[in-house]
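Below is one structure, written out as structure tokens, with a few remarks after it.
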Amino acid sequence: MRTQTRSTRISHAIALATAVVLGAGLLTACGSSSSSSGSGGDTVTVGVSNNIFDVPIRLADSNGYFAKQGLKVKYVTITASTGSSALQSGSVQFLNDSPTAFLSAISKGIPQTAIAANAGGNPLGLIVSTKFAKAHQLTADSTADQAAAALAGSTGGASSANTKGEASIYLKKYGVDPGKVKWVSLPSPTADNAALKSGQIDWFVTSEPAPLQIQETGDGIVVADSTKVPEWSSAQAGYGQFVVASNSYLSQHAATAKKFVTAVQQATAYMNANVVSPPVLTATQAALPGVSATALQASLRQVEWPVSEAMSPEGWTKVLAFINSLGAVSQKAVISDSDWTNKYLQ
């Protein structure tokens with residue numbers, strides 16, 4: 001078997017990142033793999049999308065938190081078109097879900113509930129081509145307003161309504177009219193990357209660690225991320241990922257749900273205090289194989305990993321404001337008190 005080239009590995013990682021276009025996280029079943037914690041106990045299946053937000057679940061497994069709760073875990077890789085259907089059919093018992101996907105399911109009347117918020121914010125990266133960076137004197141140390149000013153009149157790539165909306169929020173913040181940007185619609189972040197390298201576009205936005213990987217190859221420079229753009233951060237955008245279960249499953253397996261989110265909360269609390277420690281990095285590499293440790297560590301730092309996964313009305317207000325500001329949903333996103341709960345958290 002031939003050894004993968006660096007470019008091939010990056011394209012593969014970007015394709016995985018397509019499933020989570022930050023703040024948006026798109027989720028469809030495309031295969032499954034299993035990993036068990038300990039021996040004996042109940043086996044549960046969780047839907048994951050192989051991105052940075054899956055790390056708490058992977059860590060709960062590798063650090064033995066699931067085993068302590070008497071659980072064994074199997075993973076099923078999913079994306080947007082089958083996440084909710086897999087949950088409702090019982091193919092998965094728990095779903096590591098994004099705000100956009102969850103709110104979309106709620107708007108369709110699908111009976112499911114968010115039972116823990118295991119990450120906050122949107123680890124996005126805006127990467128410009130090296131040619132564009134040189135022409136506009138941009139570096140990785142450029143401020144967010146300097147980078148935004150350079151993007152006026154440029155050509156941006158958009159592989160989803162979410163990423164276009166997230167980029168537009170950033171541009172508007174610094175006085176750049178998104179309508180003055182030439183947008184090229186592309187099918188995926190992988191296509192964005194190819195267009196960046198060929199000169200078809202000057203920049204694009206997608207979830208980390210893909211932009212950082214492109215930067216490592218010398219094909220582009222990340223000039224904006226959630227550390228520079230407050231609108232993408234947890235403080236303003238709210239929750240970034242949830243543990244979700246169907247209402248029918250919760251009504252019959254409340255004890256198991258409590259065990260599952262207890263283990264995941266232990267993992268996020270560990271990450272909050274030890275975000276780039278060896279155990280966390282190992283769990284991250286399991287979720288995103290082939291990505292450099294440097295890119296993974298930088299990506300991990302862009303997410304808020306909560307000590308407590310309890311949710312609040314204020315947190316949901318931020319989520320709804322962010323999602324509705326993207327202009328990526330067909331109708332205004334709303335949520336009721338019955339759509340989320342903290343009762344399974346200890």
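Can you list the aspartates and glutamates whose alpha carbon sits under 18 Å from that of LYS131, skipping same-chain ones fewer than 8 residues off?
ASP141, ASP192, ASP202, GLU216, ASP219
When the accessible area of region 124-232 is computed with all protein chains present and a 1.4 Å probe, what percentage of it is carbon and sulfur?
C and S atoms contribute 49 percent here.
Give, in whole angstrom and from largest to smallest, the semi-axes √(5λ) of the equivalent ellipsoid of region 124-232, with λ running over the eigenvalues of the Cα gyration tensor. Can you show the working numbers first?
Details: eigenvalues 57, 48, 37 Å².
In descending order the semi-axes read 17, 15, 14 Å.
On a full-extension model of 0.36 nm per residue, what is the gain between LYS197 and ASN324, subtracting their alpha-carbon distance, rounded to one decimal in nm?
On the way: separation 127, 0.36 × 127 = 45.72 nm, distance 3.21 nm.
Computed gain between LYS197 and ASN324 is 42.5 nm.
Provide the three semi-axes, in whole Å and in decreasing order, of the ellipsoid equivalent to the chain as defined by the square roots of 5 times the Cα gyration tensor eigenvalues. Walk me through the numbers before you get to the answer.
Numbers: eigenvalues 218, 97, 59 Å².
Taking √(5λ) for each Cα gyration eigenvalue gives 33, 22, 17 Å.
For the Cα atoms of the chain, what angle does the longest principal axis make with the long axis of helix 161-173, in degrees from 0 to 90, nearest 10?
Relative to the chain, helix 161-173 is tipped by roughly 60 degrees.
In 5 Å bins starting at zero, report the fraction of Cα pairs in region 152-211 per bin as a rounded %.
Per 5 Å bin, starting at zero, the Cα-Cα P(r) for region 152-211 comes out as 4, 21, 32, 26, 14, 3 percent.
Dividing the alpha-carbon radius of gyration of region 93-138 by 2.2 N^0.38 Å (N being the number of residues), what value is obtained?
Working: Rg = 18.3 Å, N = 46, 2.2 N^0.38 = 9.4 Å.
Ratio of Rg to 2.2 N^0.38 Å for region 93-138: 1.95.
Report, in debye and to the nearest 20, how large the dipole of the chain comes out about its Cα centre when Lys and Arg carry +1 and Asp and Glu carry -1 on their Cβ. Numbers along the way, then the final one.
Working: 23 positive and 20 negative charges, 88 e Å.
The dipole of the chain has a size of about 420 debye.
Could you please put TRP340, TRP305 in sequence from largest to smallest accessible area, using a 1.4 Å probe? It would help to have the intermediate numbers written out before the result.
Numbers: TRP340 35, TRP305 10 Å².
I get TRP340, TRP305, largest accessible area first.
Among the lysines, select those whose C-alpha is under 29 Å from the C-alpha of LYS259, and discard any that sit fewer than 8 residues away in the same chain.
Qualifying lysines at Cα under 29 Å: LYS68, LYS72, LYS74, LYS108, LYS318, LYS343.
Can you compute the FRET efficiency between ALA152 and THR217 using 1/(1 + (r/R0)^6), with r the Cβ-Cβ distance and R0 = 41 Å? Round to the nearest 0.05. The partial results should precede the final answer.
Numbers: r = 27 Å, r/R0 = 0.66.
That pair, ALA152 with THR217, gives E of 0.95.
Measure nothing but the geometry: give the 0 to 90° angle between the long axis through the Cα atoms of 6-17 and the longest principal axis through the Cα atoms of the chain, rounded to 10°.
Result, in degrees: 60.
Add -39500 (n - 2.57) for each DSSP H run of 4 or more in the chain, then divide by its residues: what number comes out at 222 nm, to the nearest 500 deg cm²/dmol? Before the final figure, lay out each step's value.
Working: 16 runs with 147 residues, N = 346.
Result for the chain: -12000 deg cm²/dmol, rounded to the nearest 500.
Under 5 Å between amide hydrogens, which residues at least 5 positions from THR45 or on another chain qualify, with H placed 1.01 Å from N in the peptide plane?
LYS74, GLN93, PHE94
As I understand it, the value is the acute angle between the Cα axis of helix 313-326 and the longest principal axis of the Cα atoms of the chain; what does it come to in degrees, rounded to 10?
In the chain, helix 313-326 runs at an angle near 40 degrees to the longest axis.
In sequence order, what are the phi-derived ³J(HN,Hα) couplings for region 109-122 according to the Karplus relation 6.51 cos²θ - 1.76 cosθ + 1.60 with θ = phi - 60°, rounded to whole Hz, with x for glycine and proline?
x, 6, x, 9, 9, 7, 10, 6, 9, 9, 6, x, x, 10
In Å, what Rg and Dmax follow from the Cα atoms of region 216-269?
In order Rg, Dmax, the Cα atoms of region 216-269 give 18.0, 53 Å.
Would you mind working out the magnitude of the charge dipole of region 124-232 relative to its Cα centre, with +1 at each Lys and Arg C-beta and -1 at each Asp and Glu C-beta, to the nearest 20 Debye?
Using Cβ point charges on Lys, Arg, Asp and Glu, region 124-232 gives about 340 debye.
Sorted by accessible area (1.4 Å probe), largest first, how do LYS74, LYS172, LYS228 line up? Don't skip to the answer; put the middle values down first.
Working: LYS74 95, LYS172 135, LYS228 55 Å².
The most accessible residue leads, giving LYS172, LYS74, LYS228.
Can you give the extra length, in nm with one decimal, that the chain gains between THR227 and LYS68 once fully stretched, where that is 0.36 nm per residue apart less the Cα-Cα distance? Please list the in-between numbers first.
Details: separation 159, 0.36 × 159 = 57.24 nm, distance 3.52 nm.
My answer for the length gained is 53.7 nm.
Give, in nm to one decimal, the length gained when the segment between VAL334 and ASP145 is fully stretched (0.36 nm per residue of separation minus the Cα-Cα distance).
Value of the extension gain: 64.8 nm.
The values are calculated or read from the model by the stated rules, or taken from the named source; none is laboratory data. Here the structure is a predicted model, which is why all the values come from computation and not from measurement. Cβ: placed from backbone, ideal geometry, glycine included. Neighbour counts: every protein chain shown. We work out accessible area using only protein heavy atoms, side chains counted, and drop any ligands, DNA or RNA first. Shrake-Rupley method; radii C 1.70, N 1.55, O 1.52, S 1.80 Å.
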